[in-house]
Amino acid sequence: MTDTVKFTLPENQIPKDWYNLAADLPSPSPPPLHPGTGQPIGPDDLAPLFPMALIGQEVSMERTIEIPQPVRDIYRQWRPTSLHRAHRLEQALDTPARIYYKYEGVSPAGSHKPNTAVAQAFYNKEAGISRISTETGAGQWGSALAFAGALFGIEVEVYMVRVSYDQKPYRRAMMESFGARCVASPSEETAVGRAILAETPDSSGSLGIAISEAVEVAAQRDDTNYALGSVLSHVLLHQTVVGQEAMAAFELADDYPDVIVGCTGGGSNFAGIAFPFLGAKLRDGGSDLRIVAVEPKACPSLTRGTYAYDFGDTGHLTPLVKMHTLGSTFVPPPFHAGGLRYHGMAPLVSHVHELGLIEARGYDQLECFEAGVTFARAEGIIPAPEANHAVKGAIDEALRCKQEGKGQTILFNLCGHGHFDMQAYTDYFAGKLVNQEFAEGEMAMALAGLPSVASG
Ligand SMILES: *Cc1c(COP(=O)(O)O)cnc(C)c1O
């Protein structure tokens, strides 16, 4: 074992293909259904929203899908990202574990999101689309798509969850700097937004509501498509550059993870780092690799949700997808990890959880900030509040190793920096942050409204 701090691949080792876990799974993930007919949806149902290339990737069973050269060329601006060994964090924790993190905060938008934003903008441009509407939670996805839109000359319109719009004004400024338009959601601009505002004028918004607004806008105009920053299989696919690079970097390190940890909002950064390793485990067997998904206790889709067909959005404009859900009308409390405030989970992540291939656990807001501060003081990088969940998960694994006297290797995805989230840290230091309660009753009400789907 070396004492190297960061393992960096050369540019020509940016992966040439995305990795598709669907090819290696023991059973296929249940298909999306049309809410009207209850039948599996076809490409034509999705054509008003997405370019055909992405619809094809959504259902592909090919193990590898080639990354277009123009996309790889743009990736070169920040990829390959380094695999860091957290020597000083290990010392601070006095653990025999070896802790590694893949740092995605070096992208132009400051998170893993440009990995898919650039690909999605590319395919939309190829399909002749001039405008994309989308939602954003904390603003990471909106900034990533705004950046990608600027590169390809595509107009970008972002519906930003109200609470984040108010908490994170600089994210909005970033989107506007890239030329995008940013609207607080729920807004008066869509039928869905107006209906929600009529009922709840002070709605703090949610990703489920913002998705409805963006889908409504895209469905109405031929020149406009919709883009989603997480959840869908093609988004998870694009993020697998992270895990593939990590695998190659571990060869440089002459090491291999025993545990992989990622935070889960919709599941894309988690899938991105974990799926290539999971695929290798499924193909080769024999590995004891554990994979841990970490989510907020206040929005616990994987740990507390029901595995069922549900709408991806609050306004019920999307197909039905089978996932761990808190109910599509569940509005999570306004904690700071805005990217983790989604009522559902990627169907593919839900499926592998159901198959017992991954573990899931929840943490409270305060213990995640505490972990993030411990990490920042040791490693000098301030994580995004979402990423703090992965940091907390990794620290707990390292402390378990200490207790058991085991020198295991832990890898986590440091999926973004927190430079636009300093108000959250300020509030944390001032003692103003609280652990938001999970609204049991609200989940029960939202789950009572699950659509009925004929089984079998
Ligand atoms: C968007 C985002 C998330 C949540 O989305 P996933 O699809 O679950 O990755 C987590 N962390 C950061 C930094 C994000 O920008």
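The values are calculated or read from the model by the stated rules, or taken from the named source; none is laboratory data. Every value quoted in this text rests on a predicted model; they were computed, and no experiment measured them. For neighbour counting, all protein chains shown are included, and Cβ atoms are generated from backbone atoms with ideal geometry for every residue, glycine included.
Here 301, 230 are screened, and the one residue that is under 19 Å from residue 331 (Cα atoms), of a type in the set (Gly, Ala, Ser), buried (at least 23 other Cβ atoms within 10 Å of the Cβ) and within 13 Å of the chain's Cα centre (by Cα) is 230. Considering each residue of the stretch 407-419 in turn, at least one proves to be of a type outside the set (Ser, Thr, Tyr), over 29 Å from residue 23 (Cα atoms), touching a Gly at 6+ places or on another chain (Cβ under 9 Å) and loosely packed, with under 14 Cβ neighbours inside 10 Å.
Every test in (1) at pLDDT below 95; (2) within 16 Å of the ligand (Cβ to nearest atom); (3) not aliphatic (A, V, I, L, M) is passed by residue 221 save one, and that test is (2).
Only one of the numbered conditions (1) touching a residue at least 40 places away in the same chain (Cβ under 8 Å); (2) under 30 Å from residue 316 (Cβ atoms); (3) of a type in the set (Asp, Glu) is not met by residue 44, and that is (1). No other residue among 309, 342 is modelled with pLDDT of 95 or more and not aliphatic (A, V, I, L, M) apart from 309. Listed by position, the strands (runs of 3 or more DSSP E) enclosed by the stretch 1-113 that each have at least 2 residues that are at pLDDT 95 or above and surrounded by fewer than 18 Cβ atoms within 10 Å (Cβ to Cβ) are 64-66. One residue is enough: does the stretch 274-292 have a residue meeting the conditions of a type in the set (D, E, K, R), surrounded by fewer than 24 Cβ atoms within 10 Å (Cβ to Cβ) and closer than 20 Å to residue 228 by Cβ? No, the stretch 274-292 has no match at all.
Taken together, the criteria place residue 357 among residues that are more than 15 Å from the ligand (Cβ to nearest atom), in contact (Cβ under 8 Å) with a residue 24 or more places away in the chain, under 25 Å from residue 303 (Cα atoms) and assigned to a loop (DSSP other than H, G, I, E, B). From 398, 394, which residue is more than 15 Å from the ligand (Cβ to nearest atom), aliphatic (A, V, I, L, M) and more than 18 Å from residue 112 (Cα to Cα)? Criteria check complete, one pass: 398. Take residue 366 and tell me if it is more than 14 Å from the ligand (Cβ to nearest atom), part of a helix (DSSP H, G or I) and of a type in the set (A, V, I, L, M). For residue 366, the condition - more than 14 Å from the ligand (Cβ to nearest atom), part of a helix (DSSP H, G or I) and of a type in the set (A, V, I, L, M) - is met. Residues that are touching a His at 6+ places or on another chain (Cβ under 8 Å) and within 16 Å of the ligand (Cβ to nearest atom) within the stretch 91-128 comprise 101, 102, 103, 104, 105, 110, 111, 115, 116, 119, 120, listed in sequence order.
When residue 315 is tested against (1) more than 14 Å from the ligand (Cβ to nearest atom); (2) in contact with a Pro (Cβ under 9 Å, 6 or more places away or on another chain), only condition (2) is not met. On the stretch given as the stretch 243-301, residues that are charged (D, E, K, R) and at positive phi total 1.
Can you spot a residue in the stretch 196-207 that is under 24 Å from the mean Cα position of the chain (by Cα) and closer than 28 Å to residue 128 by Cα? So far as the stretch 196-207 goes, yes, one or more of its residues are under 24 Å from the mean Cα position of the chain (by Cα) and closer than 28 Å to residue 128 by Cα. Taken together, 380, 456, 431, 407 contain a single residue that is modelled with pLDDT under 95 and away from the ligand (no atom under 15 Å from the Cβ), which is 456.
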